[in-house]
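Everything on this sheet refers to the single structure shown next.
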Amino acid sequence: MGNPNVGKSVVFSKLTGVEVESANYAGTTVSYTRGELVSPYGNATLIDVPGTYSLEATSPAEEVAVQFMEQGADAVICVLDATNLERNLNLVLQLKEYDIPLVVALNQYDVAQQQGFTLDVEKLEALLGIPVIPTVAIRNVGLDKLIRKTFALIGTKRTPDTAMSSDQRWALIGKIIEDVQIIGDREPTFLERWGDRMLRPFPGLPIATLILAMSLGLVVGGGKALRGALLLPLVNNLIVPAINGVVGLVVPPGLFRNVLVGEYGVLVKMIEWPFALILPYVFFFYVVFSFLEDSGYLPRLGVLMDGMMQKIGIQGGNIIPLILGYGCAVPAILGTRAALSQKERVMVASLISFAVPCAAQSGAFMSLLGERSIFLLAAVYLISFLAIVVVGMILDRLIPGKTAPLLLEVPNLLMPDRDTFLKKLRLRLKHFLKEAQIPMFVGILLAALIAETGFLEVFALATEPLVQGWLGLPGEASMALLLGIVRRELTVLPLLEMNLSSFQLLVGSVVALFYLPCLAVFMVLFKEFKLRIALAISLGTVFMAFFIAGVINQTGRLFLGFF
């Protein structure tokens, strides 16, 4: 257990093996992580409880932390940030009110020393009456002693402390800090100096622009290189011919063979679309996002963006769920629980649903537009950004309530730990493949049946005024509208199979950008905000998709006709 941003997940990552799993706590959508701890002192299941500042529950994450404590455990490892000892001790004193054996990991001990903190660990241990182990988790310092001490306490019972009021706890914390902590004068380190500079408009904004541009370049360039140099040749030259050969020997010509290996063949597209076209970009997105997240840069970006975001009715801290939405909308919408008002929660969830493409959809856009023109790809993301601003300003006027001022913890700027970074990357990719595969299979099977049974022609005829007249797309593009109900990237991928002009690709991409949230997102919106808001957001995205794409098409035709 521990406060957010104390290195709790790094400690957990170092202590557990490769096989860890994330799950939602029963009856909630708050997730925790479980892994197996194997050591010379014993084996155990280790649970990484959601970060919490207090056991006086004011949020779903804190409620889950309280429920874990009430269920009991063999021992609790409470991870503290040695650079923020005063604030962290509040949670320790509350944990001492339980009879569960408790060990404190005084983490980031090296950073505290670099920042001029002198801590008397022995005196702190005596005042608290529980073991306190200094640790530097990213370098494995102190972790062996931490585990040895924890296993030594398992099976013992400690007498719980008498419950205190909040004022009593903070008074005691003040006395403890006076006794154990001395802050000396020293020169700030290189990372500290740049961490502070990144919070100021200059040079913070130029640095942010450079970082975001480099991030986009790495995702697009790296994904394109991985796709072109390795994955597409592997799929097109080895895997697909092998599948076609085997199916040709076993399955006679006809509908069933076409469903398996035809234009939208399930066996072919289930490998080509998720693995060869989308996964390269998803991989590099999570590389970039995980690095920015673990380095402590994202809160700094939130501070920089606060002034602009206040103009659309939300404070800068909401930049984190918005950016997380570029990975997956589901955890991003759940992340809005950290918002300080219901108005902000609804607004941020709406913006994520309206105009933030997830990693899979971004991968599809990059596959679709990256080969044709980087300017088309940039245009789609520019339209996405403008939509966030416009929709935000509209919602700010429509939704009652006030925007709370920025309240955001800015952690130390650090180099991410390699092992923790790789484990987080592996878990995110595993989650993407696990979550995407079944809906993708359903969508591709649906596409094959639609194409092979002739239903596409019927649907294309029914939607001709909309698709061909208003949007200027060929009739078969209506396939994308059907598949997009399952997953958003399936609104993009069928366009790859069509011989469209660059302008048509732009129009089709704009439809896909604003089209329906996928089923998983709709269910989260329904669970978090009830049916009325979930339906309003979904219908609003459909209207925007057809309205904006149609306006672009009609305006473009007039412009091209004029010249």
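Tabulated data for the structure shown
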{"quantity": "The chain: antiparallel DSSP beta bridges as a percent of all, rounded to 5", "calculated": "65 percent"}
{"quantity": "Whole-angstrom gap from the range 173-207 to the range 403-475, using each part's C-alpha centre", "calculated": "40 Å"}
{"quantity": "Rounded to 10°, Cα long-axis angle of helix 240-250 versus longest principal axis of the chain", "calculated": "60 degrees"}
{"quantity": "Length released on extending from LEU210 to PHE559, taking residue separation times 0.36 nm less the Cα-Cα span", "calculated": "122.2 nm"}
{"quantity": "Computed FRET value (nearest 0.05) for GLN114 with SER166, which takes r as the C-beta separation and R₀ as 25 Å", "calculated": "0.20"}
{"quantity": "The chain: angle of helix 297-310 to the longest principal axis, Cα-based, in degrees nearest 10", "calculated": "70 degrees"}
{"quantity": "Reference-scaled alpha-carbon Rg (2.2 N^0.38 Å with N residues) for the range 371-497", "calculated": "1.52"}
{"quantity": "Cα convex hull volume per residue for the range 8-186 (Å³)", "calculated": "121 Å³"}
{"quantity": "Inter-part distance where the range 537-562 and the range 210-254 are each reduced to a Cα centre, Å", "calculated": "32 Å"}
{"quantity": "Pairs from LYS145/LYS424; LYS123/LYS157; LYS224/LYS430; LYS402/LYS527; LYS96/LYS530 whose Cα-Cα separation, in the structure shown, is over 28 Å", "calculated": "LYS96/LYS530"}
{"quantity": "Structure-based [θ]222 nm, the chain - -39500 (n - 2.57) summed over DSSP H runs of at least 4, per residue, nearest 500", "calculated": "-19000 deg cm²/dmol"}
{"quantity": "Which label in (1) 32.4; (2) 30.2; (3) 26.0 gives the computed Kirkwood radius over Cα pairs in Å", "calculated": "(3)"}
{"quantity": "Relative contact order (percent, whole number), the range 315-411, Cα cutoff 8 Å, 6+ residue spacing", "calculated": "35 percent"}
{"quantity": "Protection-proxy order for peptides 413-419, 273-279, 356-362, each taking the mean of Cβ atoms within 10 Å per residue, highest first", "calculated": "356-362, 273-279, 413-419"}
{"quantity": "Residues ASP167, ASP74 arranged by fewest to most Cβ contacts within 10 Å", "calculated": "ASP167, ASP74"}
{"quantity": "Cross-link partners of LYS423 among lysines (Cα-Cα below 20 Å; sequence separation of 8 or more within a chain)", "calculated": "LYS8, LYS14, LYS434"}
{"quantity": "Inverse of mean 1/r across different Cα pairs in the range 135-288, Kirkwood, Å", "calculated": "23.1 Å"}
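We did not get these values from a lab; they are worked out from the coordinates using the rules stated. Only a predicted model underlies this, so the values are computations on that prediction, with no experimental measurement involved. FYI the Cβ positions are ideal-geometry reconstructions off the backbone, even for glycines, and counts take in every protein chain you see.
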